1. Based only on the alpha carbon positions, what is the Kirkwood hydrodynamic radius of the chain, in angstrom?
2. Determine the calculated [θ] at 222 nm for the chain from helices alone, applying -39500 (n - 2.57) to every DSSP H run no shorter than 4 residues and normalising by the residue count; nearest 500 deg cm²/dmol.
3. Mind telling me which of 47, 14, 83 comes out most flexible in a GNM of the chain, alpha-carbon contacts under 10 Å?
4. Among 35, 56, 100, which one moves the most in a GNM of the chain with springs linking Cα atoms closer than 10 Å?
5. May I ask you to derive the FRET efficiency for residue 12 and residue 75 from their Cβ-Cβ distance with R0 = 25 Å, giving the value to the nearest 0.05?
6. Go through 57-69, 86-98 and give me the packing order, highest mean Cβ count within 10 Å leading.
7. Could you work out the relative contact order of the chain? I mean the mean sequence separation of Cα pairs under 8 Å and 6+ apart, divided by the number of residues, in percent.
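Please treat every number below as a calculation from the coordinates, not as lab data. Predicted model, so just to flag it, every value in this text is computed and none were measured. Heads up, the Cβs are rebuilt from the backbone with ideal geometry, glycines too, and the neighbour counts pull from every protein chain shown.
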């Protein structure tokens, strides 16, 4: 995730912590090939019960534009999607290159392995 994390950088994560908006999380999901499960690391932008939409190069949460100084603008549209009680919407900071919720949908809390420690 640019500019937050660099390739090869090591991180420490905390398991059992409830993710908050802008936390970076490690979770398991089907890879782009759809055949195997991989670990992915992305930033939480949508919390359970929220309505998320990506439009005009930005993320909108419940109709309000999310201020994200750490992220590049999205070059795609997604949603609107209403997250379930145990779902999170995650996006990479480098939106043009990220394999994230705009590709595979919300992440269920059971698939989150941990929150990256600051």
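1. 14.3 Å is the Kirkwood radius here.
2. -500 deg cm²/dmol
3. Result: 14 has the largest fluctuation of those listed.
4. 35
5. Working from the Cβ atoms, E equals 0.20.
6. So the order, starting with the most tightly packed, is 86-98, 57-69.
7. Answer for the chain is 33 percent.
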